[in-house]
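Right, one structure below, let's go through it.
The values are calculated or read from the model by the stated rules, or taken from the named source; none is laboratory data. The model shown is predicted, which means the values in this text are computed figures rather than measured ones. Here the Cβ positions follow ideal geometry from the backbone for every residue, glycine too, while neighbour counts run over all protein chains shown. Note: accessible area is taken over every heavy atom of the protein model, side chains too, but ligands, DNA and RNA are not part of it. Shrake-Rupley method; radii C 1.70, N 1.55, O 1.52, S 1.80 Å.
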Amino acid sequence: QFTTRVVSCRAAELRPEGGGEPVHGFQVVLEDTILFPEGGGQPDDRGLIGDVPVLRVTRRGPEAVHFVPAALEPGAEVLLSLDWERRFDHMQQHSGQHLISAVAEQMFGFKTTSWELGRQRSVIELDTPVVTAEQVQALEESVNEKIRDRVPVTVRELAADDPEVETVRSRGLPDDHAGPVRVVDIEGIDSNLCCGTHVSNLSDLQVIKLLGVEKGKKNKTNLVFLVGNRVLKSVEQSHSTEKALTSLLKNGPGEHVEAVKRLQSSVKLLQKNNLNLLRDIAVLIARDFKSKPAPKQLFVLHRKEGDSEFMNIIANEIGTEETLLFLTVGDEKEAGLFLLAGPVEAVENLGPRVAELLGGKGAGKRGRFQGKAAKMSRRGEVQALLQEFISNQNPGA
């Protein structure tokens, strides 16, 4: 916590990180703050000004701007409270990134070109097209050894024109930077220009887990990692998943993969058999309709199980030169598929109207119009439309 004073408060809008409607609130500047504004690859802090939640902290030149949902009185003395769990997580990930980047460059010459502190995992972009599994393992072993060595992490400030600034690792200063520059030192390992928050000793990182690499931008590789409490949370989540799978598959963790492979093979065989049966049913349905003494001009069928192929087989078997077919598959209360087949001119006329009634979209050619339907419960309205169309085509019928 920290006691400070409100300097200014003005109305503003905040666009949520996940998108959506802007939130109306206020931008507040304080005499000083313990809440970190987003920057340097690190997200911003959260906390309270009095009992008012801080929803975002950004930097405007040398000032930290706090976005809050309620107005605060300029000149008022306020108590600032920090969300420590979020701050400590960011400290662990950021110091971990410094350590990984420094050791990756020392061991393999891989320079870090950018990094991102994500909500679930973090990513370092390395300036190399390839990082092998062996290199990842060696890097992980090395950084964890440094953690066990309890190496101190210190912070110092230098004047912007100090010659020593040129010797410190950096990706450059922001254009609107003002005042001294901040150097974060990992004793004997790294010196780095950085505005972010860090631990005071590598032992506070607890452990680093490198999850592997992913293909990045051209000639770059993304290294994915977790630090400290995130590793513990990941282990807990994996253990919960393992327990659930053990219960479902009725075997031990070491047999899970083989059990799932066997299930996948069984499912593929069942799907193949099911498809064959559906095709046979489609042929039988069509032949039954054609065997009737006086075939009707309209054929309507709905089936919960089925797919586009099932409907097209029926249409092919019945023939659509004289008969208008309206076929649907899927759950009546949910979305499904539809097919309108018949004389070309009739289908071209009716297809878009059928799609509209079913709340879906479709396309057609050569006497077939098919697509997805969001309102399967309106099939009765479609049938009435088709019957009306046939009656108008044949007034004496």
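A few comments on the model shown:
- Top-ranked residue in region 277-287 [being touching a helix residue (DSSP H, G or I) at 6+ places or on another chain (Cβ under 9 Å) and of a type outside the set (A, V, I, L, M, F, W, C); ranked as most open to solvent (accessible area, probe 1.4 Å)]: Arg287
- Residues of region 347-361 classified as at pLDDT 90 or above and basic (Lys, Arg), total: 1
- Within the span defined as region 83-94, every residue fails to be assigned to a strand (DSSP E or B), of a type in the set (D, E, K, R) and buried (at least 16 other Cβ atoms within 10 Å of the Cβ).
- Considering each residue of region 215-222 in turn, at least one proves to be surrounded by fewer than 17 Cβ atoms within 10 Å (Cβ to Cβ), of a type in the set (D, E, K, R) and touching a residue at least 40 places away in the same chain (Cβ under 8 Å).
- All of Leu325, Leu298 fail the test of being in contact (Cβ under 8 Å) with a residue 60 or more places away in the chain and within 19 Å of Gln387 (Cβ to Cβ), apart from Leu298.
- Residue satisfying all of: in region 223-248; polar (S, T, N, Q) and under 20 Å from Ser122 (Cα atoms); least open to solvent (accessible area, probe 1.4 Å) among these: Ser234
- Residue within region 38-60 that is part of a loop (DSSP other than H, G, I, E, B), over 26 Å from the mean Cα position of the chain (by Cα), in contact (Cβ under 8 Å) with a residue 24 or more places away in the chain and farther than 30 Å from Val131 by Cα present: yes
- The residues of region 112-137 that are surrounded by 13 or more Cβ atoms within 10 Å (Cβ to Cβ) and hydrophobic (A, V, I, L, M, F, W, C), listed by number, are Trp115, Leu117, Val123, Ile124, Leu126, Val131, Val136.
- On the stretch given as region 1-43, residues that are at pLDDT 95 or above, among the charged types (D, E, K, R) and touching a Ser or Thr at 6+ places or on another chain (Cβ under 7 Å) total 2.
Yes or no, residue by residue, for (1) surrounded by 15 or more Cβ atoms within 10 Å (Cβ to Cβ); (2) small (Gly, Ala, Ser); (3) not in a loop (DSSP other than H, G, I, E, B):
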{"position": "Val6", "(1), (2), (3)": "yes, no, yes"}
{"position": "Arg10", "(1), (2), (3)": "no, no, yes"}
{"position": "Glu13", "(1), (2), (3)": "no, no, yes"}
{"position": "Glu17", "(1), (2), (3)": "no, no, no"}
{"position": "Gly20", "(1), (2), (3)": "no, yes, no"}
{"position": "Gly25", "(1), (2), (3)": "yes, yes, yes"}
{"position": "Val28", "(1), (2), (3)": "yes, no, yes"}
{"position": "Ile34", "(1), (2), (3)": "yes, no, no"}
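- Counting only helices (runs of 4 or more DSSP H) that sit wholly inside region 288-397, those with at least 1 residues that are among the hydroxyl-bearing types (Ser, Thr, Tyr), under 20 Å from Leu278 (Cβ atoms) and open to solvent by 30 Å² or more (accessible area, probe 1.4 Å) are 308-318.
Residues checked against (1) out of contact with any Lys or Arg (no Cβ under 6 Å at 6 or more places or on another chain); (2) over 23 Å from Arg121 (Cα atoms); (3) hydrophobic (A, V, I, L, M, F, W, C); (4) open to solvent by 30 Å² or more (accessible area, probe 1.4 Å):
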site	(1), (2), (3), (4)
Ala160	yes, yes, yes, yes
Pro174	yes, yes, no, yes
Val183	no, yes, yes, no
Ile186	yes, no, yes, no
Val199	yes, no, yes, no
Leu210	yes, no, yes, no
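- Meets criteria (closer than 18 Å to Ile100 by Cβ and assigned by the TED database to the domain that holds Val103) for Leu232: no
- If the condition is being touching a residue at least 40 places away in the same chain (Cβ under 8 Å), over 28 Å from the mean Cα position of the chain (by Cα) and in a strand (DSSP E or B), then region 61-81 contributes Glu77, Val78, Leu79, Leu80, Ser81.
- Residues of region 191-213 that turn out to be in a strand (DSSP E or B) and modelled with pLDDT under 95, as a count: 3
- Subset of region 138-158 [within 14 Å of Lys209 (Cβ to Cβ), touching a strand residue (DSSP E or B) at 6+ places or on another chain (Cβ under 8 Å) and open to solvent by 70 Å² or more (accessible area, probe 1.4 Å)]: none
- Qualifying residue in region 227-238 (condition: of a type in the set (Lys, Arg) and farther than 19 Å from Arg86 by Cα): no
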